[in-house]
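Written out below as structure tokens is the structure these notes cover.
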Amino acid sequence: MRVVVDLTRCQGYGQCVFLAPDSFKMPGQEALMYDPDPDDSQREHILRAAAACPVQAIHIDRMATQHRTRDPELAHATSDHDTHFKTTGHIVIVGASLAGGRAAGVLRRDGFQGTITLIGDEPHQPYDRPPLSKQVLTGAVPAQHTILPHLRDIEAEWLPGTPATKLDIAGKLIHLADGRTIPFDKVLIATGTRARPWPYPDQANLDGVHVLRTLDDAENMHRQLANGVKRVLVIGAGFTGSEVASVCRDLDVPVTVIEAGPAPLTGSLGKFIGNIAADMQRQAGVDLRCNTTVTQLNHSNGTLTGATLSDGTTIDADMAVIALGAIRNVEWLQDSGLAAGPWGIATDAGCRAVDFNGLVTDDIFVAGDVARFPHPVYHYQFLALEHWGNAVAQAEIAAHNMLSDQAHRWPHLSLPVFWSNQFHTNIKSVGVPTVADQIVIAQGSVEQRRFVAVYGYKGRITAAVTFDQAMWLDFYRDQIEKAAPFPPDYRMVNRPDHMQPIPADVPQHIAPAEGATVVVTGHDPAERRVTLVRPPQ
């Protein structure tokens, strides 16, 4: 059987742990771990756990959609052309991972009877990446257990291990690395990202040097950890690097983390939360060195032996994990005419690709990590989000819009939500914390590492981050969509006696614009819209 927990929805109540303890574990207060492919003998226990989940976050054998509508089968009136396309058209999905697989399922759900072709550069069926840096590295579950259940049985042509090399918009053709060409009527680009490698190839290819992005990467890293290592070096203290360090400490493996910034996670959550994360790592026994870089990976006969640091010191290590972020897979689009580059592929809010003249295309759609789209809540700035929840939500919107006319297309208005389980702590976020000028602890205790941090920009709530307080995330999502005032002034559980906002101290990846505060309304995706909030005159 296949099990997936939508951790964007999970709030850490732990009912599943009580009802199916052989399949679900919660080593901390809310940090949930589970086996995505448990033995069928556990089915009854897991079914009970799924039924008891207060937020219905457990999916068994099939995936449910995030965008649940009153009328999901697109019963609105369509033209003869639209009807013909839904019956005989050909949709090609480039990228057979989470977003691509989800989109294919929604297309079939919404009545598309034509041909679907999925093109993937990996030999595997779509699999779930979050368990790779957690359960797979520890050996709790085999890598093959991460294969995702389908949204539904999908009648599609699968082309695994066949990378796309060129998009011919005028000829409506996808060129493949094996020399074939695939014609299309409409195409969805969901090629995602790959791990950024160590910049020096001779050092990157040393035995013992790894990146972590794919199922094969996770298997290789687990194999070396299982064979025994003396010390692991992690370069980069973002979410992936921090999760790898957490796994090392769970395995009682010494680990050194090198971070160029002032603290872990500062690039995503700011320095205040970063300092909390730094304390958490050091208390767990991590040798954390911030404001430091690696200048060279040292080796003997092609095998890693350690590293030289920017402060002149050296450290010993027989395994290194390069966690320096991701590169968007857009090189194959270089001569396509699309507005594609290191930032991703520009789209409108309906997931339609934009060409380099700034014109919206009609038959080319984009979803997932590779998409860069304007978000009204964040002043119409273009966002590129490497989040599980965004890949799912955006793929569903793109699939819907591929089958809809202009009058019935939906905007992608979902707020970013992401999570990280590290050092037995569940860290979750909603919104964009880097769009902020102040931050305040609105609930709980930093000392106990159970709190809610709320971010604000020019008097409006823009994001919230929770440490083992995930139950409050939905409330703050609603406040962000309402453009609620910052700092929050609610009679809340565990509210501190004195709430004093402090400077957010976040990196300005996005330059906030002025005068574009909006309120998001509606629950059914067909009704989701924004209204501009005009400042008082």
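The values are calculated or read from the model by the stated rules, or taken from the named source; none is laboratory data. Worth saying up front: this structure is predicted, and the values here are computed from it rather than measured. Virtual Cβ from ideal backbone geometry, glycine too; neighbours counted across all protein chains shown. Side chains included, ligands, DNA and RNA excluded: accessible areas come from the protein's heavy atoms. Shrake-Rupley method; radii C 1.70, N 1.55, O 1.52, S 1.80 Å.
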Q) How high is the FRET efficiency between Lys230 and Thr313 when r is their beta carbon distance and R₀ equals 22 Å, given to the nearest 0.05? A) 0.80
**Q.** Radius 10 Å from Cβ of Ile174, net charge of other residues (Lys, Arg +1; Asp, Glu -1)
**A.** +2
Q: Run down the lysines and flag those whose C-alpha is under 19 Å from the C-alpha of Lys86, throwing out any fewer than 8 positions away in its chain.
A: Lys172, Lys186
Q. Taking a 1.4 Å probe, which of Trp388, Trp472, Trp343 shows the most accessible area, and what order do the others take after it?
A. Trp343, Trp472, Trp388
Q) How high is the relative contact order of the chain, in percent, counting Cα pairs under 8 Å that sit 6 or more residues apart? A) 13
Q) Once the Cβ-Cβ distance between Asp363 and Glu44 is put in as r, and R0 is 45 Å, what FRET efficiency do you end up with, to the nearest 0.05? A) 0.45
Q. Tyr200 to Asp478: FRET efficiency via 1/(1 + (r/R0)^6), r the Cβ-Cβ distance, R0 41 Å, to the nearest 0.05?
A. 0.30
Q | Of all accessible heavy-atom area on the chain, the percent that carbon and sulfur account for (1.4 Å) | A | 49
Q) Averaged per residue, what accessible surface does the chain expose to a 1.4 Å probe, in Å²? A) 41
Q. What is the set of long-range amide H partners of Asn298 at a cut-off below 5 Å, with H atoms built 1.01 Å from backbone N?
A. Thr305, Gly306, Ala307, Thr308
(Q) Could you tell me which residue out of Val366, Ala407, Trp472 lies farthest along the dipole of segment 358-497 toward its positive end? Charges go on the beta carbon: Lys and Arg +1, Asp and Glu -1, centred on the Cα centre. (A) Trp472
Q | Whole-Hz ³J(HN,Hα) from phi, Karplus 6.51 cos²θ - 1.76 cosθ + 1.60, for segment 116-133, glycine and proline x | A | 10, 10, 10, 10, x, 7, 9, x, 9, 5, x, 10, 8, 7, x, x, 4, 8
Q. How would you rank 294-304, 408-418, 17-27, highest first, on the average number of other Cβ atoms within 10 Å across their residues?
A. 408-418, 17-27, 294-304
Q: Would you mind computing, in nm to one decimal, how far apart the modelled labels at Asp178 and Met471 are, each placed 7 Å from Cα along Cα→Cβ?
A: 5.3
Q: Could you check how many percent of all C-alpha pairs in segment 254-335 are farther apart than 15 Å?
A: 65
Q) Normalised by the number of residues in segment 326-478, what is the relative contact order in percent for Cα pairs under 8 Å and 6+ residues apart? A) 14
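In the chain, what % of DSSP beta bridges are antiparallel (nearest 5)?
Percentage antiparallel, nearest 5: 65.
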Q. Considering the values (i) 26.2; (ii) 23.5; (iii) 44.8, which represents mean projected area of the Cα convex hull in nm² as calculated for the structure under consideration?
A. (i)
